[in-house]
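Engineer: Sharing a structure, written as structure tokens. Questions coming.
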Amino acid sequence: MFDFVEKHKRILQLFMGLIALTFATWGIESYTRFRGARDEIASVNGISISQRDFENEFRQEQERVRQAFGSQMDPAQLDTPEARQSVLEQMVLQQLLASAASKANLTVSDETLFGTIQNIPAFQKGGKFDEAQYALILRSQNPPMTPSQFEARLSHDLALSQLARSIGDTAIVPHAVAARLNELETQKREVSEAAVRAEQFLPQAKVDDAKVKAYYDANQPQFRAPDQVRAEYVVFSAQGIAAQEPVSEDEVRKAYADRAAQFKVGEQRRASHILVKTRDEADKLLAQVKKSPGSFAQLAQKYSQDTGSAPKGGDLGWFSKGMMVKPFEDTVFGMKEGEIAGPVQSEFGFHIIKLTGVQPGKERPYDEVKKELSEQLARDKGTKRFNEQAEAFSNLVYEQPDSLKPAAERFKLRIQSTGWISKSASQELGALDNPKLLAALFSPDSLKSKRNTDAVEVAPNTLVSARVVEYKPAAQRSFDEVKGEIGELLRKRAAAELAQKDGVAKLEALRKGQDPGIKWGAVRTVSRRQPGGLPPEVLRQVASADVSRLPAYVGLPVPDSGYVLLRISKVIDPEPKQAVDTREASELFGNAQYRAFLASLREHGDIEIRKPIPEAK
């Protein structure tokens, strides 16, 4: 369907990021298999959650955080009792939902399952599903997955998605409520901003030595230096091999001749459409469009039920044959540019179609594809050599563990070195920025014997082996080492507190009609739908402020930075509309109804927490 991705956004978000994210190990096995009570920490409707389940899921959550924030975030900092409680609660809810889906006999057809898989961009090449790419991506996960394991997990999650939609989509929104919500969402307010910055109070912020020492004594774990190593490593990759063996001109020309069909571009067409559910609606819209063709985009934005294309005036972009449902495609490829046709019925409803562009098929010339084809041949050659030699590389770094030099010489690799690094990966580590590799590098055997690590796949077709050159064990940093850092930290906090006090005083003066000498920034118009660059927490204050008397003022502290003041000088109410868009209100009500459903499952489920949540190790 045209808005397939939109309709399955929550599921696809889980799987579109396969290259960057790993799958949670809390999956089908955990939903269906009873574990022994020996390490059970919870039971949900008779199904166990073991400590191993929990630790696996918690590690995966930390990895997702690390992948999302890169070297700026140390996932270990999130190892708090609150974070662990949250993960366990999510596991309980997942099991409750699984039980509810099973009772409701919700299943996913093979057609839906494989249609979803084929629409995941990570599994595609050139916009089409590629089975080899599919298998490769699954093998690159940590831990690796087979297609059958992935399909079982996805089928399960799609069933849960069906359950969520069956609950949320039944919400009924009163028209008056939808109208009021729409009014609040579209109401605009003109605001000006002024900041009371902590920096200007730094000269007044005084911190004595006693406070610095007290902070050090109370927060000593914060100043403990972790284990650190200096390491050397080699990277064996398909990309590196490709660089060593350039592709010749003759090879490129031969490939161009052999793959002539690959460089033929079929005819492409561009169309816009308006999708509605009934023939009557379609007939009325078609009459309006034919009467005023220039209104097509405006009518699509207002009436089309394809949420993916409606905001773009119904534009579907360029597409070739085989990419759209047959009735729609047959009509489009029989139209003339600029022509309007319809209604056309498909499995999704009735379409009013406007053909906006035609690109004839053509054959791409050699000079145009030479660079692209050369790079592709190099990748193919590199991948082939990598697959042939990966095992030999892995064996060599294992069999000659005291040096990386033999592997570097045999495979023409450069031995690279690091500065002091820690296991937390809170610094830029390049090829070493991989949890499995860092765990091997910081293992007791590696630290003590300084042997090569096993070859670890850090990315598809990329193996790395590393070894410790020098080791510095974890140690508590002395007070003298860190007192300067602590003093600066406490001074900044004290300055922020002074700024916040000053901001509160200025806000009170403004509300009393006094002039505290504030220099306001430029006026900007904002609404809940168009924040105009305001952070969410600031926008909430502006949108909820009492504007019965203008100008109105709000303010809020900015952690470690000071205080922000905002002046609301004008309120612009939306123009009355005969038709109210109920989609957003329905979504809000649907979400609330779904949360209530989860709460009910939680209340009536057979849930037993057998052991305290495991503490951070």
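None of the figures in this text is laboratory data; all of them are computed from the coordinates on show. Because the structure is a prediction, the values reported are computed rather than measured. Please note: Cβ atoms are built from the backbone with ideal geometry, for glycine as well, and neighbour counts cover all protein chains shown.
Engineer: Quick check on my link table: of K128/K362; K128/K336; K213/K492; K312/K570, which ones sit more than 25 Å apart, alpha carbon to alpha carbon?
Structural biologist: On the way: K128/K362 20 Å; K128/K336 27 Å; K213/K492 16 Å; K312/K570 30 Å.
As for pairs spanning more than 25 Å Cα to Cα, those are K128/K336; K312/K570.
Engineer: Could you give the dipole magnitude of region 267-360 about its Cα centre, charging the beta-carbon of Lys and Arg +1 and that of Asp and Glu -1, in debye to the nearest 20?
Structural biologist: Values: 13 positive and 11 negative charges, 41 e Å.
Dipole magnitude for region 267-360 comes out near 200 debye.
Engineer: Could you sort 400-408, 108-116 so that the peptide with the highest average Cβ count within 10 Å comes first and the rest follow in order?
Structural biologist: Details: 400-408: 16.7, 108-116: 13.7.
The packing order, highest mean first, is 400-408, 108-116.
Engineer: Also, quick follow-up: Step through the table entries K284/K354; K125/K321; K321/K354; K384/K450, compare each Cα-Cα distance with 24 Å, and write down the pairs that go over it.
Structural biologist: Values: K284/K354 16 Å; K125/K321 17 Å; K321/K354 17 Å; K384/K450 32 Å.
Among K284/K354; K125/K321; K321/K354; K384/K450, the Cα-Cα distance tops 24 Å for K384/K450.
Engineer: Write down, largest first, the equivalent ellipsoid semi-axes of region 306-384 in whole Å, where each equals the square root of 5 times an eigenvalue of the alpha-carbon gyration tensor. Show your work: numbers first, answer last.
Structural biologist: Details: eigenvalues 251, 51, 29 Å².
In descending order, the three semi-axes are 35, 16, 12 Å.
Engineer: Taking 56 Å as R0, compute the FRET efficiency from the Cβ-Cβ separation of T278 and D433 and round it to 0.05.
Structural biologist: On the way: r = 55 Å, r/R0 = 0.97.
According to the calculation, E is roughly 0.55.
Engineer: Only counting other Cβ atoms within 10 Å, I'd like Y215, Y553 sorted with the fewest neighbours first. It would help to have the intermediate numbers written out before the result.
Structural biologist: Details: Y215 20, Y553 17.
The fewest-first ordering by Cβ neighbours comes to Y553, Y215.
Engineer: Now, a different point. Once each part is reduced to its C-alpha centroid, what is the distance from region 228-276 to region 462-520 in angstrom?
Structural biologist: So the two Cα centres are separated by 47 Å.
Engineer: Right, something else. Can you sort E82, E329, E488 so the residue with the fewest Cβ neighbours within 10 Å comes first? Walk me through the intermediate numbers first.
Structural biologist: Values: E82 7, E329 19, E488 13.
The fewest-first ordering by Cβ neighbours comes to E82, E488, E329.
Engineer: Using label points projected 7 Å from each Cα along Cα→Cβ, tell me how many nm separate Q345 and I572, to one decimal.
Structural biologist: My value for the distance between the label points is 4.5 nm.
Engineer: On to the next question. Which of I352, I568, I49 comes first, and how do the rest follow, when ranked by fewest Cβ neighbours within 10 Å? Provide the component values of the computation, followed by the final result.
Structural biologist: On the way: I352 29, I568 21, I49 25.
Final ranking by Cβ density, sparse to dense: I568, I49, I352.
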